[in-house]
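The values are calculated or read from the model by the stated rules, or taken from the named source; none is laboratory data. Note that the coordinates shown come from a computational prediction; the quantities given were computed from them, not determined experimentally. Please note: Cβ atoms are built from the backbone with ideal geometry, for glycine as well, and neighbour counts cover all protein chains shown.
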Amino acid sequence: MSLIVQKYGGTSVGTTERISAVADKVMRYRERGDDVVVVVSAMSGETDRLLGLANAIGSVPVPRELDVLLATGEQVTIALLSMALQQRGCAARSYTGAQVHIRTDSAHNKARIRAIDDARVHADLTEGRVVVVAGFQGVDEDGNITTLGRGGSDTTAVALAAALKADECQIFTDVDGVYTTDPRVVPQARRLDRITFEEMLEMASLGSKVLQIRAVEFAGKYNVPLRVLSTFEEGNGTLISYEEPDVEQALISGIAFNRDEAKLTVVGVPDQPGVAHRVLGPVADANVEVDMIIQNVAPDGATTDLTFTVHRNDYSKVLSILKQVARETGAQDVTGDDKIVKVSVVGVGMRSHAGIASTMFETLAKEGVNIRMISTSEIKISVVVDERYLELAVRALHEAFNLEQPALI
Ligand code: ADP
Ligand code: ASP
Ligand code: MG
């Protein structure tokens, strides 16, 4: 008998029929003798619908009120799933984030979980109930409802699994595991039996939205065994775990991409100590996260160009900040492009192999894809390219690194 935390995503609970099917699935684990805590997302499309309502009221919704609104989506699905379980003779209880004391900081719309008081959940499990918890939401110290950022139900599940010391955290979704790249873009993508936390973290950070980044961070930090599986088909899915040296290590595990990027350049800014701070300081002060940064030395040696990327939603805000910065610093111009994407190859096997970058650049060159920016780390190489090349670049790289084949060095 084990304690399992299961999370069902939006598509998996998208209709009442699907919620009933989830109840049947949960029952099978109960009948096997497992204790089950279930975390659910809102029905698919619901969080977007609620966001649309907020935007219809005003273009910039107040973050606190937005959280009160967005948290309602998950409150619907916990109640419906509990009803479906009870109808099947299975004792179950639903709880909102606040009711099970998922305590977060006060950063509305992107709150971080600080603590979970698991007493109530344990008490229910001891009484033989299935506990159904609303994903994506918590409560801050002052009792305000908070939400954890898009895709945040994954993080609720992992945090609960860590707090309860569950044997496994299972993320049930509409794909049967983590693939070498998004199977919707490359149909030949291959499901991975396992992937390390480190690689999964890179994949998630670089745009693979199958798991929320914070969920992977949390699972790695607390060593929560994490598995991604299909709600609709049987199978073992993908296990995310620590690196095991004897596992046959693929050179490249996968290709991630992010369509949410935009690029900005401050052209001809006087090259003095502190220039990066003068340009990027005001951007950070506006609470905008900066991703890739490149500083070039101009031929005259007196000025420099500074290029960086931000989330596409922040593009126009940053453009106007930079125009102000340019006036203050005497920079020549500010340019920008919000039709770019980032494509990355990821793999811990890269550490011990040279030549990955050159294969990547050669492949893109052959396809006529112009690289606009490059950044590297020990286990990833990212390039920024024009948005129109996204599918071409991902497919070509998937083929060049033989990712359709089972992993062999
Ligand atoms: P849920 O609503 O269950 O949380 P998501 O839409 O958040 O589901 O995540 C599942 C989706 O992630 C898949 O449908 C797939 O298109 C996408 N995805 C992106 N990258 C990958 C990848 N490397 N492997 C598997 N799925 C991926
Ligand atoms: N419903 C939220 C969202 O769509 C949280 C989640 O599904 O994980 O982002
Ligand atoms: Mg998700």
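For segment 365-384, give me the residue count where each residue is within 22 Å of Ser205 (Cα to Cα) and more than 21 Å from the chain's Cα centre (by Cα).
4
What residue, of Ala286, Ala298, Ala276, is without any contact (Cβ under 8 Å) to a residue 40 or more places away in the chain and in contact with a Leu (Cβ under 7 Å, 6 or more places away or on another chain)?
Result of the check over Ala286, Ala298, Ala276: Ala276.
Go through (1) touching a helix residue (DSSP H, G or I) at 6+ places or on another chain (Cβ under 6 Å); (2) among the aliphatic types (A, V, I, L, M); (3) more than 14 Å from Phe172 (Cα to Cα) one by one and return the number of the condition Val40 breaks.
Against the list (1) touching a helix residue (DSSP H, G or I) at 6+ places or on another chain (Cβ under 6 Å); (2) among the aliphatic types (A, V, I, L, M); (3) more than 14 Å from Phe172 (Cα to Cα), Val40 comes up short only on (3).
Would you confirm whether any residue within segment 65-81 is of a type outside the set (Lys, Arg), in a loop (DSSP other than H, G, I, E, B) and either modelled with pLDDT of 95 or more or over 28 Å from Val130 (Cβ atoms) (or both)?
Yes, because at least one residue in segment 65-81 is of a type outside the set (Lys, Arg), in a loop (DSSP other than H, G, I, E, B) and either modelled with pLDDT of 95 or more or over 28 Å from Val130 (Cβ atoms) (or both).
Could you please find all residues in segment 122-151 being among the acidic types (Asp, Glu) and more than 28 Å from Gln86 (Cα to Cα)? Let's see the steps before the verdict.
Step one: list which residues in segment 122-151 are among the acidic types (Asp, Glu), which gives 124, 127, 140-142.
Correct list: Asp140, Glu141, Asp142.
Sort out for me the strands (runs of 3 or more DSSP E) sitting completely within segment 126-239 that have 3 or more residues that are buried (at least 21 other Cβ atoms within 10 Å of the Cβ) and more than 16 Å from ligand 3 (Cβ to nearest atom). Walk me through how you get there before you give the answer.
On the way: elements: 130-134, 137-139, 145-147, 168-173, 194-196, 226-230.
It comes to 130-134.
Kindly evaluate Asp154 against the criterion of being within 16 Å of the chain's Cα centre (by Cα) and either within 16 Å of ligand 2 (Cβ to nearest atom) or within 19 Å of Leu80 (Cα to Cα) (or both).
Values: within 16 Å of the chain's Cα centre (by Cα): yes; either within 16 Å of ligand 2 (Cβ to nearest atom) or within 19 Å of Leu80 (Cα to Cα) (or both): yes.
So Asp154 fits the description; yes.
Select from segment 1-33 the residues that are in a loop (DSSP other than H, G, I, E, B), crowded, with 17+ Cβ neighbours inside 10 Å and in contact with a strand residue (DSSP E or B) (Cβ under 8 Å, 6 or more places away or on another chain) and list them in ascending order.
Scanning segment 1-33 gives a single hit, Gly9.
Consider segment 3-28. How many of its residues are of a type in the set (Ser, Thr, Tyr), over 11 Å from Thr77 (Cβ atoms) and within 15 Å of ligand 3 (Cβ to nearest atom)?
1
Of all residues in segment 155-190, how many are more than 17 Å from Ile4 (Cβ to Cβ), in contact with a Pro (Cβ under 8 Å, 6 or more places away or on another chain) and more than 8 Å from ligand 1 (Cβ to nearest atom)?
1
Checking Ala354 against (1) in contact with a Phe, Trp or Tyr (Cβ under 9 Å, 6 or more places away or on another chain); (2) part of a loop (DSSP other than H, G, I, E, B), only one condition comes out false. Which one?
Here Ala354 meets the rest and fails (1).
Only residues that are in contact with an Asp or Glu (Cβ under 6 Å, 6 or more places away or on another chain) and free of Cβ contacts under 8 Å to residues at least 60 places away in the same chain: list them for segment 74-113, please. Walk me through how you get there before you give the answer.
First, the residues of segment 74-113 that are in contact with an Asp or Glu (Cβ under 6 Å, 6 or more places away or on another chain): 93, 101, 104, 106, 108, 111-112.
Within segment 74-113, Arg93, His101, Thr104, Ser106, His108, Ala111 meet the criteria.
So, in segment 347-364, exactly how many residues are loosely packed, with under 12 Cβ neighbours inside 10 Å and either under 20 Å from the mean Cα position of the chain (by Cα) or aromatic (Phe, Trp, Tyr) (or both)?
Count: 0.
Among (1) under 22 Å from the mean Cα position of the chain (by Cα); (2) more than 16 Å from ligand 2 (Cβ to nearest atom), which single condition is Phe218 missing?
Result: Phe218 fails condition (2) only.
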